[in-house]
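Below is one structure, written out as structure tokens; comments come after it.
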Amino acid sequence: KGKRAFIAGVADDNGYGWAIAKSLAAAGAEILVGTWVPALNIFETSLRRGKFDESRVLPDGSLMEITKIYPLDAIYDKLEDVPEDVKSNKRYSGSSKWTVQECAESVKQDFGSIDILVHSLANGPEVSKPLLETSRNGYLAALSASSYSYVSLLKHFIPLMNPGGSSLSLTYIASERIIPGYGGGMSSAKAALESDTRVLAFEAGRKHRIRVNAISAGPLRSRAAKAIGFIDTMIEYSLANAPLQKELSADEVGNTAAFLASPLASAITGAVIYVDNGLNAMGVGV
Ligand code: NAI
């Protein structure tokens, strides 16, 4: 029987979440996505108007179907946590049930269970500030949106996940090497995410037979990355210095995600897998 995937962090056709959705769809999975509430309207409208049709084409010529789009704001676990000004904000008040707990409940009601959970989201309001200039609030916001959001998602979706299921997040090498420009506590957030990948692999593996992995992806010109500002420099650096001198395509990350979610990866858990043209292996730029 086909598998069902929930992918959190899809709001256009440029990012890793979209590419992962496509690779999973090509492998026969049913696709559900979680879209950040402020981006929901434009994403749904663009999808409906056919703006993404070209990027929906799968290798067999058919178009990827997204069975359902759920509104999600992964910095809130439950309704009681949402401040009044957010509740009444007009970008939010048009949707409901978008806290992590409510989203998981909705998916459970609609579909009963899932097999694959993907976390492809991050946010750091002070990402363009060096760590030395980052405020406590900015740092904690980066950790909340980019790291704890994964703990919370897995915690709330695990009860819906079939044993043998697989969970995945996206990380970046700035967690372990100095990447000037990836500031605001985002490097710290990715370090937490990778450490949590190991601890969550243990806990989810022992308790639920769920595998937990992360993909450390190379640079991609996504909406989020363009907002950071240094993405072109990073892509050029990789082209010049990586063992494989080609631009990384989001599909290459998508395909690795499909592999990790499949039984082909049944013994892989707690791992951080590089999909970066090998750049991580270099010691110097050449
Ligand atoms: P993207 O812009 O396609 O994805 C980020 C998504 O997060 C967006 O759809 C945004 O709406 C969503 N989001 C932000 N805050 C949210 C919240 N509170 N609740 C729910 N959704 C929220 O960009 P990209 O780059 O594909 O990012 C996906 C993942 O890949 C992120 O974890 C990112 O750190 C990671 N990554 C990206 C790299 C790159 O060069 N683009 C390199 C390595 C990792």
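Of the residues making up the stretch 127-141, not a single one is part of a helix (DSSP H, G or I), within 15 Å of the chain's Cα centre (by Cα) and either more than 16 Å from the ligand (Cβ to nearest atom) or of a type outside the set (S, T, Y) (or both). Taking the conditions (1) within 13 Å of the ligand (Cβ to nearest atom); (2) buried (at least 22 other Cβ atoms within 10 Å of the Cβ) in turn, S23 satisfies each one other than (1).
The residues of the stretch 147-172 that are buried (at least 21 other Cβ atoms within 10 Å of the Cβ), assigned to a helix (DSSP H, G or I) and within 11 Å of the ligand (Cβ to nearest atom), listed by number, are S147, S149, Y150, S152, L153. Within the stretch 32-51, the presence of at least one residue that is without any contact (Cβ under 8 Å) to a residue 12 or more places away in the chain, among the hydroxyl-bearing types (S, T, Y) and either under 16 Å from A258 (Cα atoms) or part of a helix (DSSP H, G or I) (or both) is confirmed.
Can we say V286 is buried (at least 19 other Cβ atoms within 10 Å of the Cβ), touching a residue at least 12 places away in the same chain (Cβ under 8 Å) and not polar (S, T, N, Q)? The answer is no for V286. Scanning the stretch 194-207 for any residue that is closer than 19 Å to N255 by Cα and more than 8 Å from the ligand (Cβ to nearest atom) turns up nothing. Selection of the stretch 27-68 for residues being over 21 Å from F111 (Cβ atoms) and among the hydroxyl-bearing types (S, T, Y) yields T45, S46, S55, S62.
Taking the numbered list (1) crowded, with 19+ Cβ neighbours inside 10 Å; (2) farther than 22 Å from G28 by Cβ; (3) of a type outside the set (S, T, N, Q) in turn, L260 passes all entries but (2).
Since every read-out is calculated from the coordinates, none of them should be taken as a lab result. Quick caveat, the model's predicted, so the values are computed rather than measured. Here the Cβ is made from the backbone with ideal geometry for all residues, glycine too, and neighbour counts use every protein chain on show.
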